[in-house]
Amino acid sequence: MNILETDGEKLLIALRGLLAEKGIASSAELAERIAITDRASPGQGARMVARAWVDPDFRALMLEDGTRAAEAMGIPMRGAPPLGVLENTPDTHNLVVCTLCSCYPRAVLGYPPFWYKSAAYRARGVRDPRGLIAEWGTVLPDGVHIQVVDSTADFRWMVLPMRPAGTAAWNEERLASIVREGDMIGVTVPAAI
Amino acid sequence: MMAFGPGASVRVKDDWPETRGPCHIRTPHYLRGMRGQVVRRLGEFANPEDLAFGRPAQRRALYHVAFEQPGVWHDGRAGDALLVEIFEHWLEPA
């Protein structure tokens, strides 16, 4: 049998059968994992960001241990790589890239956008980050350093953006509604809209 | 294996195992031989270089290391930095 030419559906059925037979993962566990993966979306990360903006204790937890912060908001993190959170400040803007492959904090942001995995994004992210994010219209003010986080190993990284001006009276739900996936990768920054 | 505290000056080993045979390495090419500063220890993780081949994998310390952009590329703005996870066995004191 040539595994490269075998029907994918048949391989999947065989693999699921073996996983169950060997007691590695039951069909119910696989279904649960698929459901968790499908539920993960940038909306989850946005909820965390909004909570961090209104709750200093949560913000501190999020920066210290992103996994525990996500779990505190009911986001399933079991089996996911540890989550690290990097905070944008008036001095430092963070940008996340994975030059080696496509490491991405899927548990809190869902599937990565198509460009995140492109060779161009990965190469330019580390080589010319300011030129790269300018293509999203993101121009950092003078005096703001850029810190490029090359996600090379066991952690997954997300950015905690700064709360935009003009949102002082907003509640958490409305704050979450303006946080986009690019803001948590660092190619854009949220604005009051 | 050497332990590094926050602020320690380190150099990424200028080693190219990929020239010696099949391997799986999580240390980017562009940082080999470069000097950086340890920001913090992230924890201990199974060595991916063994894990990738199904070999027994020792747990190794993983560090977050900061590198100045201009030092790496001879270009870019002073103060701009790269922050990268590097395993302990790739670091030496600088």
Subset of segment A:93-115 [within 12 Å of another protein chain (Cβ to nearest Cβ) and within 14 Å of the chain's Cα centre (by Cα)] | A:ASN94, A:LEU95, A:VAL96, A:VAL97, A:CYS98, A:CYS103
Which of the residues belonging to segment A:152-182 are under 21 Å from A:PRO81 (Cβ atoms) and under 12 Å from the mean Cα position of the chain (by Cα)?
-> A:PHE155, A:ARG156, A:TRP157, A:MET158, A:VAL159, A:LEU160, A:GLU181
For segment A:18-71, list the helices (runs of 4 or more DSSP H) that sit wholly inside it and hold at least 3 residues that are under 23 Å from A:PRO190 (Cβ atoms) and not β-branched (Val, Ile, Thr); which are they?
-> A:42-54, A:56-64
Would you check if B:ALA66 is in contact with a Leu (Cβ under 8 Å, 6 or more places away or on another chain) and within 11 Å of chain A (Cβ to nearest Cβ)?
-> yes
Being within 11 Å of B:HIS89 (Cβ to Cβ), more than 10 Å from chain A (Cβ to nearest Cβ) and hydrophobic (A, V, I, L, M, F, W, C) is the filter here, so list the residues in segment B:46-62 that pass it.
-> B:ALA61
Scanning segment A:116-137 residue by residue, those within 22 Å of B:GLY79 (Cβ to Cβ), more than 9 Å from every other protein chain (Cβ to nearest Cβ) and crowded, with 18+ Cβ neighbours inside 10 Å turn out to be A:GLY125, A:LEU132, A:ILE133
Return yes when B:GLY43 is in a loop (DSSP other than H, G, I, E, B) and small (Gly, Ala, Ser) and no when it is not.
-> no
Answer yes or no: is there a residue in segment B:21-38 that is within 25 Å of A:ARG156 (Cβ to Cβ), of a type outside the set (Val, Ile, Thr) and in a strand (DSSP E or B).
-> yes
Look through segment B:57-75, keep the residues that are out of contact with any strand residue (DSSP E or B) (no Cβ under 9 Å at 6 or more places or on another chain) and surrounded by fewer than 14 Cβ atoms within 10 Å (Cβ to Cβ), and return whichever of them is modelled with the highest pLDDT.
-> B:HIS74
Which residue pairs have Cβ atoms under 6 Å apart, sit 6 or more places apart or on different chains, and have a first residue in segment B:70-94 that is more than 11 Å from every other protein chain (Cβ to nearest Cβ) and a second that is surrounded by 14 or more Cβ atoms within 10 Å (Cβ to Cβ) and modelled with pLDDT under 95?
-> B:PRO70/B:GLY76
Given the conditions (1) in a loop (DSSP other than H, G, I, E, B); (2) touching a helix residue (DSSP H, G or I) at 6+ places or on another chain (Cβ under 6 Å), report the number of the one that B:GLY79 does not fulfil.
-> (2)
Can you pull out the helices (runs of 4 or more DSSP H) entirely within segment A:80-193 that have at least 2 residues that are closer than 17 Å to B:GLN69 by Cα and touching a strand residue (DSSP E or B) at 6+ places or on another chain (Cβ under 8 Å)?
-> A:119-127, A:129-134
Segment A:69-101, residues that are charged (D, E, K, R) and touching a Leu at 6+ places or on another chain (Cβ under 6 Å) = A:GLU87
Residue among B:ARG32, B:ARG40, B:ARG11, B:ARG26 that alone is under 20 Å from B:LEU83 (Cα atoms), out of contact with any Cys (no Cβ under 7 Å at 6 or more places or on another chain), among the basic types (Lys, Arg) and surrounded by 18 or more Cβ atoms within 10 Å (Cβ to Cβ) | B:ARG26
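The values are calculated or read from the model by the stated rules, or taken from the named source; none is laboratory data. On a predicted model such as this, the values are computed, not experimentally measured, just so you know. Positions of Cβ are generated from backbone atoms using ideal geometry, with glycine treated the same way; all protein chains shown enter the neighbour counts.
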